[in-house]
Amino acid sequence: MRGPPSNIGLAYALVLGAVVALGLTWWTTGDAFQIGALRIGPWQAWPLTDPLNADRYSRARIARSGDLPLGPGEGLAFTARVDSEGRALDGSCHYTISPILPPARWWTLSLYDEAGKPIANPSERFGFASSAVLRGENGAAAIETGPVLQPGNWLPSAAGPISLVLRLYDSPVSTGLGTELGARRAIEMPDIKRGACQNGSQS
């Protein structure tokens, strides 16, 4: 007859179980986990992150990120970490975000580094608001990002991973259309097109 499992085997099983559990928890609170995610092109939002009524996955994401999400009656924040072709955003490259004409009373577009912090720059320009952006003839805006100064609506960036956050305030997407089908019908998110990069890469 076999004796009871050794203490070493039991300890190994406990450690393995703990590692697997922690790994799954970390994954489910990251951007790769899609439960509750709303994706439109390169943009992703989490419409179920109302701090009061969020599901357990969304609450865990809020705790991990430290962000204070917009309430369902306030608006919805869309984040992009890749361009329209699925390539990771790099601050050494030039990007054009357009056309920006969402169905919202007010919107903002901000640029962040890999740690989620605004990128320091001499002009102290970290984003644009719909009330202070140059627009084209049809009312749509186009914003440029990159390490080289550009005319018009330009956000300075620096080499390394970056992310863009487009926040929509008083929008139908956040007031009853928080599903992928409803959002796709209600909103057209801007494209993110990459241009030249300082390392020589092209779009």
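The values are calculated or read from the model by the stated rules, or taken from the named source; none is laboratory data. Predicted model only: the values in this text are computed from it and were never measured. Positions of Cβ are generated from backbone atoms using ideal geometry, with glycine treated the same way; all protein chains shown enter the neighbour counts. Accessible surface is based on the protein model in full, side chains and every heavy atom, while ligands, DNA and RNA are left aside. Shrake-Rupley method; radii C 1.70, N 1.55, O 1.52, S 1.80 Å.
Candidates in region 153-187 are the residues that are among the charged types (D, E, K, R) and either modelled with pLDDT under 75 or loosely packed, with under 14 Cβ neighbours inside 10 Å (or both); of these, the one that is farthest from the chain's Cα centre (by Cα) is ARG185.
Of the residues that sit in region 100-133 and are within 22 Å of ALA88 (Cβ to Cβ) and among the aromatic types (Phe, Trp, Tyr), which one is least open to solvent (accessible area, probe 1.4 Å)?
The first filter runs over region 100-133 and keeps only residues within 22 Å of ALA88 (Cβ to Cβ), leaving 100, 109-121, 126-127.
Restricting the remaining residues to those that are among the aromatic types (Phe, Trp, Tyr) gives 112, 126.
Details: TYR112: 39, PHE126: 87 Å².
Among those that are within 22 Å of ALA88 (Cβ to Cβ) and among the aromatic types (Phe, Trp, Tyr), it is TYR112.
Do we have THR108 as at pLDDT 90 or above, among the β-branched types (Val, Ile, Thr), within 15 Å of LEU168 (Cα to Cα) and under 17 Å from the mean Cα position of the chain (by Cα) here?
Values: at pLDDT 90 or above: yes; among the β-branched types (Val, Ile, Thr): yes; within 15 Å of LEU168 (Cα to Cα): yes; under 17 Å from the mean Cα position of the chain (by Cα): yes.
Yes.
Considering only residues in region 141-152 that are more than 19 Å from the chain's Cα centre (by Cα) and open to solvent by 10 Å² or more (accessible area, probe 1.4 Å), the one that is modelled with the highest pLDDT turns out to be PRO147.
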